[in-house]
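**Q** Pasting in a structure now, in structure tokens, and then I'll have a few things to ask.
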Amino acid sequence: MRLLLCAVVCALAAPAFSVGTSYWTQTNEAEFNQGTFDNVVATNLGDLKLSRAVKTLMEQDPKISTVSAMVEAPDGAIYAGTGPHGILLKIKDGKATHAAEIEGATHLFALAIDNQARLIVGASGEKGRVLRIDKEGAKPTELFKDDGVQYVWALSVTPDGLIYAATGPTGKLVEIDADGKTRVLLDSDENNLLSLISDGKDLLYVGSDPNGVVYRVNRKTGENFILFDAAESEISALALDKKGNLYAGTAEARDDIPGLGQLPTGADRAGRPEGGASGVPIRAEPPATPEPPSLPDPNPGRPEPIPKQAPQKRSSASPGPADSASHAASLANGFEGLSFAAQKPKAGPAANDDDDVESPDRKDPSDAKPPHPGPPTPPPAPPPGAPAPARPGTLPTDTGRQPNVDTAGTGEPRSEGNAVYRIDPDGFVTEVFRQRSLVLSIVEKDGALLIGSGSEGLIYQVKPAAEETLVVAKVDPKQVMCLLPARDGRVYLGLANVGSVVSMSSGFATEGSYTSPVLDATQISRFGKMQLHGSLPSGTTLKVSTRSGNAKSAGQRGWSEWSKEVPAAEFLQLTSPSARFLQYRLSVTSAEGKTTPVVEDVSIAYQVPNLAPVVKSVRITPVPENAGATANPPGDSDSARTSTARRQAISWEAADPNADGLRYSLYFRRGTDGPWILIKDKISEAQYEWDTRTVADGRYEIKVIASDAASNPPGFGRMGSRVSDPVLVDNTPPVIGDLRWQKKDGAAQISLKVVDRTSVVSNLEYAVDSAKDWQAVLPSDNIFDGPDEEVSFTISGLSPGEHQVTLRATDSKGNQAFENVFVQLEQGTTRPAPK
């Protein structure tokens, strides 16, 4: 087997390949997403780069399946609310410990810190409660409990010390003072109030389920107003920026959202916002001879691009340490953490002209309030590892907070994805984000949004003003339930499915890799150069390796080993052996995590060996000699009988596996073993009309030869051919002989013999003193089925005197013969013609 593989590889190393070169190209997010990522992300601008540095602070805990809420205390301690056992975590100095287990609670969906630095806990279970923990280890003080409340979904504390709780399943917003005195500030028509945020003054914003309504509530006057009625089923997260723009994250998205557009994908975008960085050309070492003029720095002051050659040949025009320090400084501002050397095109979202967007398939929230569910039946305390209590109207999950799912009951988000809407202070709504993932959490800082998703564990960074959406990190487990920007500059993430807490720094991971999907050349091929575009800042590295094989799955044995990793250059010759399939791997490092290499696109040249063309079919059909002539006059049905097919239309179907241009040659031979004779060569169209009068009658075969020689180097063209089924050429009419006539019982009896030397006799007709009135007759055996036929017929009813009888014999190819006979009948020998 090893010898056979060696022979194949050696054969492919010879220059017997098609002139054309094919390419695999990856240049946008969708194409890169088919590969495998490790601390590397693909942005919506079509770039590959290192992700944010992510560190796991809590490994799997058998009592914790979801981390739903986090808050930071004044001393820097992070508290996290979990489920399904109501455990409160404390995270300090990078370690997570159990701070308390809230008795009677299953999930802690909400946490807050009051104006006296005390921890406020929203506990869900048999009864929904709001608790206050005055100090660590102290017994919680119960501030709120109500028979109609089972879930406390969100909490907000205002500067005056009042606590607001968004609850379910009766959809109430409750105000709680420091002494535990409560009032219902909003008794909505919804089942659950899921999200809550304060503007720090008098306004509260509340997101609901199942009708996806955003309420604005004045906590001083008690006035409430529906600010936005989304087409989606719930508002799962809210955020406010300094300009008063409200951001609402939703679930159960649909395509038919009236008035609101969807951001195009990276592959659909064209152009960039003004000021956006463009791709940098890759420098090259000029050829040694002749000496060309030196090339100017195409991107002065910016991170050094991927070099044309290996690092030892790097141009002296590289940015110095000062440039790198300046670039790194731009990464330290809040969520920025990513300053890109190159950006892909982008386009803006469609704006909504109406702040009251209705969904036709949802009831109007102003309708009568649904029946009050009454005091819920307290659920039993779940055993360890049991799933969270399901929100009304949803399927139960282990997160305890999964948004509404599709009606098919699959538990997956609708295929159209989820959205984040921006509601400006005037009430105008714009869609700034949409992806096929659950929007579970949003935080805002300095004009940028961080969005935690619930499908692939992706954390998105969205800059609405720049119309930019980036994936900054990817985590396992797959659901990012909450995000907390901490004072130490990190962002803490609470995860679900396997409950976990991780921290994400403002810098990049120090190393990562991207492995491409398996690339299929369809045939064993020779691999050429890989071409890379992007940037390679100082302090970072980018290395490339490849492997190849002839098994479709890269996990199967028989693939080559990964090639030695080599420093990236714009043009890099691949060394993997010739094969049908190829994979490449990019290994990326950043010494201090302050900056990252950027790969904008990857292109790999490969060359399939020249394969022979294939002639799939050959068809031969007769062309009537009167084709295209004026139609026969009415009643003249006989003229069609006189046409013979002396021309044959030859057509064929051919294809070339290399997509080479083809030229054709046509040959004929008599019988099945005669010499092939050229009809026509250098034919560019797959059809030809053959005039058969140039050959003798007989059975012939036609051969079509397709050649791709013109598209390949001299001597390396290939040919393919196909032979037709036999075709009969018959251009000679039959012969009428042994013609006799006699008088019989006052009528004329005519006898004759018809012979055809090539085909068979198909018809005999006669006409008396006429060129139109033809009468068909049968042979003696009543069937025309052979090359010679005897015919005898009687013509009665003729008038006395001489008559001309015209005979017309036709063969199966339409060839016709004519003969005439003159008959003489005397007076009184005729019989009346039949009436």
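The values are calculated or read from the model by the stated rules, or taken from the named source; none is laboratory data. Since this is a predicted model, take the numbers as computed values, not measurements. All Cβ positions, glycine included, derive from the backbone under ideal geometry; neighbour counts span all protein chains shown. For accessibility, only protein heavy atoms count, side chains too; no ligands or nucleic acids. Shrake-Rupley method; radii C 1.70, N 1.55, O 1.52, S 1.80 Å.
**Q** Might you report the magnitude of the Cβ-based charge dipole of the range 144-214 about its Cα centre, with Lys and Arg at +1 and Asp and Glu at -1, to the nearest 20 debye?
**A** Charge dipole of the range 144-214: 100 debye, to the nearest 20.
**Q** Counting only residues 5 or more places away or on other chains, whose amide H sits under 5 Å from the amide H of residue 88 once H atoms are built in the peptide plane?
**A** Amide H neighbours of residue 88: 99, 100, 101, 102.
**Q** Report the Rg/Rh value for the range 726-835, based on alpha-carbon coordinates and the Kirkwood definition of Rh.
**A** On the way: Rg = 15.1 Å, Rh = 14.7 Å.
Result: Rg/Rh = 1.03.
**Q** In addition: What residue among 472, 533, 548 has its Cα farthest toward the positive end of the dipole of the range 416-566, where the charges are +1 on Lys, Arg and -1 on Asp, Glu, each on the Cβ?
**A** 548
**Q** Related question: With a Förster radius of 22 Å, plug the Cβ-Cβ distance of residue 487 and residue 202 into 1/(1 + (r/R0)^6) and report the FRET value to the nearest 0.05.
**A** In this case the efficiency is close to 0.25.
**Q** Convert each backbone phi in the range 580-585 into a coupling constant with the Karplus relation 6.51 cos²θ - 1.76 cosθ + 1.60 (shift: θ = phi - 60°), then list the ³J(HN,Hα) values in order as whole Hz, x for Gly and Pro.
**A** 7, 10, 9, 10, 10, 9
**Q** For the range 16-160, give the percent of accessible area contributed by carbon and sulfur heavy atoms, probe 1.4 Å, rounded to a whole number.
**A** Of all accessible area on the range 16-160, carbon and sulfur atoms account for 43 percent.
**Q** Which value, in debye to the nearest 20, gives the size of the charge dipole of the range 201-242 about its Cα centre, when Lys and Arg are +1 and Asp and Glu are -1 at the Cβ?
**A** Charge dipole, the range 201-242, about its Cα centre: 340 debye, nearest 20.
**Q** Taking the alpha-carbon distance from residue 616 and a cut-off under 20 Å, which lysines remain once sequence neighbours fewer than 8 residues away in the same chain are dropped?
**A** 680, 682, 703
**Q** Right, next: Once fully extended, how much extra length lies between residue 806 and residue 223, figured as 0.36 nm per residue of separation less the alpha-carbon to alpha-carbon distance?
**A** Extra length available between residue 806 and residue 223 comes to 198.9 nm.
**Q** Follow-up. Going from most exposed to least, what order do 129, 699 have by accessible area with a 1.4 Å probe?
**A** Of 129, 699, the descending order of accessible area is 699, 129.
**Q** Using a 7 Å offset from Cα along Cα-Cβ at residue 826, what residues in the range 773-807 end up with backbone N under 20 Å from the label point?
**A** Once the point is set 7 Å along Cα→Cβ of residue 826, 795-804 turn out to lie under 20 Å by backbone N, inside the range 773-807.
**Q** Test of understanding: express the Cα radius of gyration of the range 645-765 as a ratio to 2.2 N^0.38 Å, with N the residue count.
**A** Dividing the Cα radius of gyration by 2.2 N^0.38 Å gives 1.66.
**Q** Okay, next question. By the scheme Lys and Arg +1, Asp and Glu -1, what is the net charge of all other residues having a beta-carbon under 10 Å from that of residue 51? The partial results should precede the final answer.
**A** Values: positive: 49, 52, 474; negative: 38.
Net of charged neighbours comes to +2.
**Q** Using Cα pairs under 8 angstrom and six or more residues apart, how large is the relative contact order of the range 474-625, in percent? Mind showing how you got there, number by number?
**A** On the way: 306 pairs, mean separation 43.7, N = 152.
The normalised contact order for the range 474-625 reaches 29 percent.
**Q** Moving on to the next point. Figure the gain on full extension for residue 75 and residue 243 (residue separation times 0.36 nm, minus the Cα-Cα span) and round it to one decimal in nm.
**A** Full-extension gain reported as 57.6 nm.
**Q** Lys and Arg at +1, Asp and Glu at -1: add these up for the other residues within a Cβ distance under 14 Å of residue 514 and post the number.
**A** -4
**Q** Can you list the HN-Hα couplings for the range 548-561, worked out from phi with the Karplus curve (6.51, -1.76, 1.60; θ = phi - 60°), rounded to whole Hz and with x for Gly and Pro?
**A** With coefficients 6.51, -1.76 and 1.60, one gets 9, x, 10, 9, 4, 8, 5, x, 6, 5, x, 7, 5, 5 Hz.
**Q** Also: Below 8 Å, C-alpha to C-alpha, sequence gap of six or more: please give me the relative contact order for the range 95-167 in percent.
**A** 27 percent
**Q** Excluding residues on the same chain fewer than 8 positions from residue 172, give the lysines whose Cα lies under 18 Å from its Cα.
**A** 127, 145, 181, 220, 369
**Q** I'd like the Karplus ³J(HN,Hα) series for the range 781-789: coefficients 6.51, -1.76, 1.60, θ = phi - 60°, whole numbers in Hz, and an x wherever there's a Gly or Pro.
**A** Residue by residue, the range 781-789 yields 8, 6, 8, 8, 8, x, x, 9, 9 Hz.
**Q** What number, in nm² with one decimal, is the all-direction average of the projected area of the convex hull of the alpha-carbon atoms of the range 445-493?
**A** Mean projected area of the Cα convex hull: 3.5 nm².
**Q** Does a label point 7 Å from the Cα of residue 56, set along Cα-to-beta-carbon, have any residues of the range 489-532 with amide nitrogen under 12 Å, and which are they?
**A** Answer for this model: 498-503.
**Q** Now for a different question. Quick one: which of 49/478; 474/543; 55/594 span more than 18 angstrom between C-alpha atoms?
**A** Those over the limit are 49/478; 474/543.
**Q** So for the range 20-175, averaging the separation of alpha carbon pairs under 8 Å that are six or more residues apart and normalising by length, what relative contact order in percent results?
**A** Relative CO of the range 20-175 lands at 12 percent.
**Q** Please compute the modelled spin-label separation between residue 772 and residue 466, points set 7 Å along Cα→Cβ, answer in nm with one decimal.
**A** In this crude spin-label approximation the distance works out to 9.1 nm.
**Q** Averaged per residue, what accessible area in Å² does the range 424-554 show with a 1.4 Å probe, protein chains only?
**A** Roughly 32 Å² per residue, with all protein chains present.
**Q** Keeping all protein chains in the complex and leaving out DNA, RNA and ligands, what accessible area do you get for residue 653 with a 1.4 Å probe, in Å² to the nearest 10?
**A** 90 Å²
**Q** To continue, here is another question. What does the charge add up to near residue 661, with Lys and Arg as +1, Asp and Glu as -1, over the other residues with Cβ less than 14 Å from its Cβ?
**A** Charge balance in the 14 Å sphere: -1.
**Q** Express the accessible area of the range 79-126 per residue in Å², computed with a 1.4 Å probe while the remaining protein chains stay in the model. Could you put the intermediate results ahead of the total?
**A** Numbers: 1620 Å² over 48 residues.
About 34 Å² of surface per residue is accessible.
**Q** Another question about this same structure. Any lysines with Cα under 18 Å of the residue 243 Cα? List them, leaving off those in the same chain fewer than 8 positions away.
**A** 201, 445, 463
**Q** Still on this structure, please answer the following. If the only charges are +1 at each Lys and Arg Cβ and -1 at each Asp and Glu Cβ, what is the size of the charge dipole of the range 681-793 around the Cα centre, to the nearest 20 debye?
**A** Dipole magnitude for the range 681-793 comes out near 260 debye.
**Q** Just in the range 678-739: which GluC sites (Glu not before Pro) are loop by DSSP and have at most 11 other Cβ atoms within 10 Å? The partial results should precede the final answer.
**A** Numbers: sites: 685, 689, 701; in loops: 685.
When the GluC sites (Glu not before Pro) of the range 678-739 are filtered for loop state and at most 11 Cβ neighbours within 10 Å, 685 remain.
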